[in-house]
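Peer 1: Structure below; questions to follow.
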Amino acid sequence: MSPSRALIAACVLAMLTPAQAETLGTPTGETILTVSGKIASTNVDGTAQFDRAMLEALGTVSFETRTPWRDGVTRFEGVPLETLMTAVGASGETVTATALNDYVTDIPISDFARFAPIVALKRDGAYMTVRDHGPLFIVYPYDSDPDLQNQTYFSRSAWQLRTLVVE
């Protein structure tokens, strides 16, 4: 890229970042997820903080799948991780997820387009509580692909999710 094109690209990026931060909004309810690291859109002290309403406003999807933690088929509803990464302007290759109990797992961002995991807010139509794996739970649609039915993907499924760090 020529120096003049690089300068133009940097100026355009500088102009977009504040606008993106404005569209992110600010939590009015309890913050249930904080995203930090290599992100372009922030709303609180260099992080992207979300309350439940903000996450739902990004758009939710649902799917049914079996999990190793429950009997039978469970319906999960939440925000696709790919959508969340787009909303915060993520530019990394990995996301480190940390749960309320300090469980930590690293997830390749390539999983988001390949397998469509979600940050689930609801299970079987009801919001999840901290006592029951909530308020947020990273869930893959395990039944959609035999490759997902192993410990690698089960271990990436952090329940009681509180932070995501894009690296």
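Peer 1: Looking at this structure, is Val139 at negative phi, β-branched (Val, Ile, Thr) and in contact with a helix residue (DSSP H, G or I) (Cβ under 8 Å, 6 or more places away or on another chain)? Please lay out each step first, then the result.
Peer 2: Details: at negative phi: yes; β-branched (Val, Ile, Thr): yes; in contact with a helix residue (DSSP H, G or I) (Cβ under 8 Å, 6 or more places away or on another chain): no.
So Val139 fails the test.
Peer 1: Here's another thing I want to ask about it. Among Phe76, Phe50, Phe63, Phe115, which is the only one that is more than 25 Å from Arg131 (Cα to Cα) and not small (Gly, Ala, Ser)?
Peer 2: Values: Phe76 fails: more than 25 Å from Arg131 (Cα to Cα); Phe50 fails: more than 25 Å from Arg131 (Cα to Cα); Phe63 fails: more than 25 Å from Arg131 (Cα to Cα).
That would be Phe115, the only listed residue that is more than 25 Å from Arg131 (Cα to Cα) and not small (Gly, Ala, Ser).
Peer 1: Sticking with this structure for a sec: Can you pull out the residues in segment 22-39 that are surrounded by fewer than 17 Cβ atoms within 10 Å (Cβ to Cβ) and farther than 20 Å from Asp132 by Cα?
Peer 2: Of everything in segment 22-39, those that are surrounded by fewer than 17 Cβ atoms within 10 Å (Cβ to Cβ) and farther than 20 Å from Asp132 by Cα turn out to be Glu22, Thr23, Gly25, Thr26, Thr28, Gly29, Lys38.
Peer 1: Here is a further query. Can you name every one of the strands (runs of 3 or more DSSP E) wholly within segment 71-167 that holds 3 or more residues which are within 14 Å of the chain's Cα centre (by Cα) and surrounded by 20 or more Cβ atoms within 10 Å (Cβ to Cβ)?
Peer 2: Of the strands (runs of 3 or more DSSP E) lying wholly inside segment 71-167, those with at least 3 residues that are within 14 Å of the chain's Cα centre (by Cα) and surrounded by 20 or more Cβ atoms within 10 Å (Cβ to Cβ) span 118-123, 137-139, 161-166.
Peer 1: Could you say which residue among Arg123, Arg70 is closer than 24 Å to Pro27 by Cα and among the basic types (Lys, Arg)?
Peer 2: Matching residue, one of Arg123, Arg70: Arg123.
Peer 1: Looking only at segment 61-70, count every residue that is surrounded by fewer than 19 Cβ atoms within 10 Å (Cβ to Cβ) and β-branched (Val, Ile, Thr) and tell me the total.
Peer 2: 2
Readers should treat all values here as calculations from the given coordinates under stated rules, not as data from a laboratory. From a predicted model like this one, the values you see are computed outputs, not experimental measurements. Heads up, the Cβs are rebuilt from the backbone with ideal geometry, glycines too, and the neighbour counts pull from every protein chain shown.
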